[in-house]
Amino acid sequence: MIRKICCIGAGYVGGPTMIVIAENCPDVIINVVDTNPEKIEAWNNKDLSKLPVFEPGLVKLIKRVRNKNLFFTTEIDTSIKNADAIFISVNTPIKSSGVGAGQASDLKWVEASARRIAESATGHTIVIEKSTLPVRTAKVIKEILETKQSFEKSDSKFKTFSVLSNPEFLAEGTAINNLQKPDRVLIGGDNFDSINELKSLYLNWVEEEKIICSNLWSSELTKLTANAFLAQRISSINSISAICEVTGADIKEVAKATGLDSRIGEKFLNAGPGFGGSCFKKDILNLIYLSNYFNLKEVGDYWEQIIKINDWQKKRIYEVIVEKLFGNIADKKILILGFSFKANTNDTRESPSIGISIDLLKENSKLVFHDPKVSPTQIINVLKNEIDSNQFSKNISFSDDIYSASHDADAIIILTEWEEYKMIDWKKISNIMRKPSWVFDTRGIVNVESVRSEKINIWQVGNGFLRN
Ligand code: NAD
Ligand code: UGA
C-alpha cells in the first residue's frame with residue numbers, strides 16, 4: 001500500500017496534483033520537492049496570495065493539507081529515500097540545441113530525477129511518470145534505475161523499482177476541478193501489483209470505471225494524442241474563423257451548429273488568437289519528431305499543419321490591427337488586455353499575447369499592459385528574452401486600471417478572456433480614447449453592439465457581420 005509519496009517538481013502539475021491527493025488521502029504523507037528553493041519557499045508562504053501557482057480553489061485546499069500530510073521541501077534525497085511511490089513531475093521542454101533541437105523533448109530533468117531516485121531510494125519503489133514524455137521514455141528510466149538495483153533481501157541495500165506511466169490531463173485554470181473529478185485516470189505499466197497500488201490510491205476519490213489501465217507505450221502515446229487532438233480542434237476552428245471574416249459567416253454560429261452534432265461535440269470550438277500554454281506546441285512537436293524518427297513523414301507533415309495554422313492566426317491578427325490603424329502604429333498607444341495564455345491562470349508560457357505584443361513593439365507602438373494575475377515583472381521577464389530591452393523599455397508601461405489606461409489610446413486589444421473584460425463599460429471608454437478608436441476582440445467575448453453604439457470601431461475574431 002502507498003503510504004509515503006515523493007513528488008519531484010513543484011510546478012503547475014506537481015503542486016496542484018499533490019494538493020488534491022493529500023486532500024483525498026489523509027493517511028498518505030506527501031513530500032513535494034524541487035531543485036528551485038525559491039519555488040519551495042513560495043509554496044510555504046504564509047501569505048496565500050504569494051503561492052507560485054494561481055488556480056481557482058487551490059487556496060482553500062492547501063489550507064487544509066499543508067504541513068499536515070503535505071510538505072514542500074528541498075530535502076530531495078531524504079524524501080526519495082522514505083517514499084513508496086515517486087511521481088516525476090518535472091518540466092520537459094523542447095530541446096534548444098543538439099540532435100532533435102526544436103522538436104524533441106529535452107529529457108535532462110527527467111534523467112536527473114531518475115538518477116537521483118536510483119541513488120537515494122530504498123526498498124521497493126514505484127516510480128511514476130507524471131510529466132508528459134516521448135513514447136518509450138519509461139524504458140530509459142528503467143535502464144537508469146536498474147543500474148542501482150539490488151535484489152538481496154537480507155541486505156540493507158535491497159532496492160527494486162517498477163515504472164508506471166500516469167499522465168496528467170488537467171488544464172490550467174480548472175486544475176483543481178479536473179483533478180477532483182477527472183474524465184479518466186490512465187495508468188500504464190507492466191507490473192500488476194504496482195498498477196493496483198496506484199489504482200488503490202486513486203480509488204480514494206475516483207470511480208473505478210474511470211481508471212483505465214494500459215501498457216506503458218499506449219499510456220505515453222495517449223497523452224500526446226489527447227493534446228494533439230485538442231490543439232487540432234483549435235486550429236480547425238481558427239482556420240474557419242478566417243473564412244467567416246471574408247464571407248460574412250459568423251464563427252459562433254458555425255461553431256454552435258457544428259458542435260451540436262454529438263459526434264463532434266461542443267467543447268474546444270472557441271476561435272481565438274491561437275492556442276498558448278506550455279504543452280500543446282511542445283507535445284505536437286514531439287509527435288512530429290517521433291513520426292519522422294520512425295520514417296512516417298506524412299504523419300509528421302499532417303501534425304505540423306496544426307502548428308502552422310496556430311502561428312498564422314497570431315500573425316494575421318497582428319496584420320489586421322496594423323491595417324485598421326492606417327498601416328502605421330508607430331507611437332500609437334495600444335492597451336493590451338490580458339497576458340496569460342488563458343483566463344484563470346498566471347501562466348504566460350507560449351501566450352499568444354507574447355508574439356502579438358512583440359510584433360507591435362517592433363513597429364514602435366506604445367503598449368500598456370493589463371492582466372489581473374500576471375505581474376509587470378513577469379511581463380518584462382518574458383519580453384526581455386524575446387526583444388532587445390532598449391527597443392521596448394521606453395515603449396511599455398503597466399496599469400491595473402483599464403479605464404485610466406485607455407486614456408488617449410488608439411486601440412484596445414483583448415487577448416485573454418478574463419471575466420472582467422466581458423463587463424467593460426464602453427461608454428466610459430469611448431469618452432477617453434483617441435478618435436478614431438478601435439477594439440480588437442481576439443477572443444470573441446465582447447458584445448459588438450455595445451461597442452459600436454459608443455462610436456468605437458470593432459474587429460472581432462471570426463465575426464463576418466463586421467465585414468463591411
Ligand atoms: P513547471 O516548469 O511548472 O514545473 C516543473 C518543476 O520541476 C520546476 O519547478 C523545476 O524547478 C522542477 N525540476 C526540474 N528538474 C528537477 C529535478 N531534477 N529535481 C527536482 N525538481 C526539478 O512544469 P509543469 O507545467 O508543472 O509541467 C511538468 C510536466 O507536466 C511537463 O512534462 C508538462 O508537459 C506536463 N503537464 C503540464 C500540464 C500543465 O498544465 N502545466 C498539464 C499536464 C501535463
Ligand atoms: C491543455 C489540455 O487541455 C490539458 O488536458 C492538458 O493536460 C494540458 O494542456 C497539458 O498537457 O499541459 P492547458 O494548456 O492548461 O491544458 O489549457 P487549455 O484549456 O487546453 O487551453 C490551451 C490553449 O488553447 C489556451 O491558449 C486557450 O485559450 C486555447 N483555447 C482553448 C482556444 O483558443 N479555444 C478553445 O476552444 C479552447
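The values are calculated or read from the model by the stated rules, or taken from the named source; none is laboratory data. Just so we're clear, the structure is a prediction, and the values are computed from it rather than from any experiment. All Cβ positions, glycine included, derive from the backbone under ideal geometry; neighbour counts span all protein chains shown. Areas reflect the complete protein model, heavy atoms only, side chains present, ligands, DNA and RNA absent. Shrake-Rupley method; radii C 1.70, N 1.55, O 1.52, S 1.80 Å.
Identify all residues within the stretch 231-249 that are within 11 Å of ligand 2 (Cβ to nearest atom) and either modelled with pLDDT under 95 or surrounded by 18 or more Cβ atoms within 10 Å (Cβ to Cβ) (or both); write none if there are none. Don't jump to the end; show me each part of the working.
Step one: of the stretch 231-249, the residues within 11 Å of ligand 2 (Cβ to nearest atom) are 231, 233-238, 241.
Passing the criteria: Ala231, Arg233, Ile234, Ser235, Ile237, Asn238, Ser241.
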Select from the stretch 69-117 the residues that are more than 11 Å from ligand 1 (Cβ to nearest atom), touching a Lys or Arg at 6+ places or on another chain (Cβ under 8 Å), modelled with pLDDT of 95 or more and not in a strand (DSSP E or B) and list them in ascending order.
Asn82, Ala83, Asp84
Name every residue in the stretch 365-395 that is open to solvent by 50 Å² or more (accessible area, probe 1.4 Å) and more than 23 Å from the chain's Cα centre (by Cα), in order of residue number.
Lys366, Asp388, Ser389, Asn390, Gln391, Ser393, Lys394
List, please: which pairs have Cβ atoms under 8 Å, are six or more places apart or on different chains, and start with a residue in the stretch 80-92 that is within 20 Å of Phe169 (Cα to Cα) and end with one that is within 16 Å of ligand 2 (Cβ to nearest atom) and among the basic types (Lys, Arg)?
Phe87/Lys130; Ile88/Lys130; Ser89/Lys130; Thr92/Lys282
Output the helices (runs of 4 or more DSSP H) that fall wholly within the stretch 127-211 and possess 1 or more residues being of a type in the set (S, T, N, Q) and within 16 Å of ligand 2 (Cβ to nearest atom), or say none.
137-146, 175-180
Might you let me know whether the stretch 338-354 holds any residue that is touching a residue at least 60 places away in the same chain (Cβ under 8 Å) and away from ligand 2 (no atom under 16 Å from the Cβ)?
no
Somewhere in the stretch 21-35, is a residue within 20 Å of Ala175 (Cα to Cα), open to solvent by less than 10 Å² (accessible area, probe 1.4 Å) and either in a loop (DSSP other than H, G, I, E, B) or not hydrophobic (A, V, I, L, M, F, W, C) (or both)?
yes
Do we find a residue being more than 16 Å from ligand 1 (Cβ to nearest atom), modelled with pLDDT of 95 or more, farther than 20 Å from Val446 by Cα and touching a strand residue (DSSP E or B) at 6+ places or on another chain (Cβ under 7 Å) anywhere in the stretch 351-359?
yes
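Is it the case that Val451 is open to solvent by less than 40 Å² (accessible area, probe 1.4 Å), in contact (Cβ under 8 Å) with a residue 12 or more places away in the chain and closer than 15 Å to Leu335 by Cα? Even if it seems obvious, please write down each step before you answer.
On the way: open to solvent by less than 40 Å² (accessible area, probe 1.4 Å): yes; in contact (Cβ under 8 Å) with a residue 12 or more places away in the chain: yes; closer than 15 Å to Leu335 by Cα: no.
Here the answer is no, as Val451 does not meet what is asked.
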Go through (1) outside any helix (DSSP H, G or I); (2) touching a Leu at 6+ places or on another chain (Cβ under 8 Å) for Tyr12 and report which single condition fails.
(2)
What are the residues in the stretch 266-286 that are within 13 Å of ligand 1 (Cβ to nearest atom) and either open to solvent by less than 20 Å² (accessible area, probe 1.4 Å) or within 13 Å of Pro134 (Cα to Cα) (or both), if any?
Phe275, Gly276, Gly277, Cys279, Lys282, Asp283, Ile284, Leu285, Asn286
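Filter the stretch 155-179 for residues that are of a type in the set (Val, Ile, Thr) and open to solvent by less than 20 Å² (accessible area, probe 1.4 Å); which is farthest from Thr416 (Cα to Cα)?
Restricting attention to the stretch 155-179, the residues satisfying the condition of being of a type in the set (Val, Ile, Thr) are 160, 163, 174, 176.
When the remaining residues are screened for being open to solvent by less than 20 Å² (accessible area, probe 1.4 Å), the result is 160, 163, 176.
On the way: Thr160: 48, Val163: 39, Ile176: 21 Å.
Among those that are of a type in the set (Val, Ile, Thr) and open to solvent by less than 20 Å² (accessible area, probe 1.4 Å), it is Thr160.
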Residues that are open to solvent by 10 Å² or more (accessible area, probe 1.4 Å) and more than 16 Å from Val13 (Cβ to Cβ), drawn from the stretch 80-95:
Lys81, Asn82, Asp84, Ile94, Lys95
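Answer yes or no as to whether Lys252 is open to solvent by 50 Å² or more (accessible area, probe 1.4 Å), under 24 Å from Ile336 (Cβ atoms) and within 16 Å of ligand 1 (Cβ to nearest atom). Full working, then the answer.
Numbers: open to solvent by 50 Å² or more (accessible area, probe 1.4 Å): yes; under 24 Å from Ile336 (Cβ atoms): yes; within 16 Å of ligand 1 (Cβ to nearest atom): no.
No, not satisfied.
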